[in-house]
Amino acid sequence: MFPLQDSTPRRCPPIVTWGLIIFNSLIFIFETTLPSPVLEKFFFMFGLIPAKVTHPDWARSLGLDVLGLWPFLTCMFLHGGWIHIFGNMWTLWIFGDNVEDVMGPWRFLFFYIVSGIAASLVHIFVNPNSTVPIIGASGAIAGVMGAYYTLFPKARIVIFFPVFFIPLFFEVPALFYLAFWFLEQVFSGALSLASPVSSGGIAWWAHVGGFLFGMLTNRLFILSRQRSCKRFKDEYRTFGLLDPYDRW
């Protein structure tokens, strides 16, 4: 299932969401100019290697900086291919603007970064001996999706679902789509633990960790005062603000 759009219109220009998409895209374009050996070294320098954190002696033997924390930040702005970055940026475009509306641009940016760090920590906890750099914005975006899950329970998502090369389009509740996506990550993550060779190089548990972080902590980042932008009926009640459309 591939999401095409959601039913919740944005109220304010999603400046940070646009900025993140542009910034990630520019870095990816830079990656495409690097020869393969240089790009591999680039990923090892700025991607996050779990074993470097859990086994500093091993990292020192390879000349890696074990004290630098920058990879926790830089890894979420790197991508491994066109499909990787397109899928991530499209998902951020679908869900990021509405979450940014609720949080405000600067709180949203902080929430995005912290979600990505939380996702990386969960991945390290589950895969402490991995020597493969983790890259990509999907952990941070999973946090955005987790926030959307609780903030917009009445929203609907238009999805694309091909069946035997026949393109089908459905409108489903956002709660259903996001819950299905989350359970898919948990199931795939469990399979990756049972058979690491079948994980496909995807940090499933980073997705799980980012989603749970966003779902459980998003209210800490929401503006507590009444905003100038009007609220919509598929936005959840937050901080006691009265929603004239709320029927819960």
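So here's what we get for this one:
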| item | result |
| --- | --- |
| Subset of segment 1-26 [assigned to a helix (DSSP H, G or I), surrounded by fewer than 16 Cβ atoms within 10 Å (Cβ to Cβ) and either at pLDDT below 90 or of a type outside the set (Phe, Trp, Tyr) (or both)] | 15, 19, 22, 25, 26 |
| Verdict on residue 44 being at pLDDT below 95 and either surrounded by 15 or more Cβ atoms within 10 Å (Cβ to Cβ) or not in a helix (DSSP H, G or I) (or both) | yes |
| Total residues in segment 72-102, condition more than 18 Å from residue 142 (Cα to Cα) and touching a residue at least 60 places away in the same chain (Cβ under 8 Å) | 0 |
| Tally of residues being in a helix (DSSP H, G or I), without any contact (Cβ under 8 Å) to a residue 40 or more places away in the chain and either in contact with a helix residue (DSSP H, G or I) (Cβ under 7 Å, 6 or more places away or on another chain) or not basic (Lys, Arg) (or both) across segment 27-41 | 8 |
| Leading residue by the ranking (surrounded by the most Cβ atoms within 10 Å (Cβ to Cβ)) among those in segment 146-189 that are of a type in the set (Val, Ile, Thr) and farther than 22 Å from residue 203 by Cα | 157 |
| Selected residue (criterion: surrounded by the fewest Cβ atoms within 10 Å (Cβ to Cβ)) from residues of segment 119-145 that are in a loop (DSSP other than H, G, I, E, B) and within 15 Å of the chain's Cα centre (by Cα) | 135 |
| Residue in segment 47-71 that is farthest from residue 125 (Cα to Cα), counting only those that are assigned to a loop (DSSP other than H, G, I, E, B) and touching a residue at least 40 places away in the same chain (Cβ under 8 Å) | 47 |
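The values are calculated or read from the model by the stated rules, or taken from the named source; none is laboratory data. Please read these numbers as outputs of a predicted model, since none were measured by experiment. With ideal geometry, Cβ positions are generated from the backbone for all residues, glycine too; neighbour counts draw on all protein chains shown.
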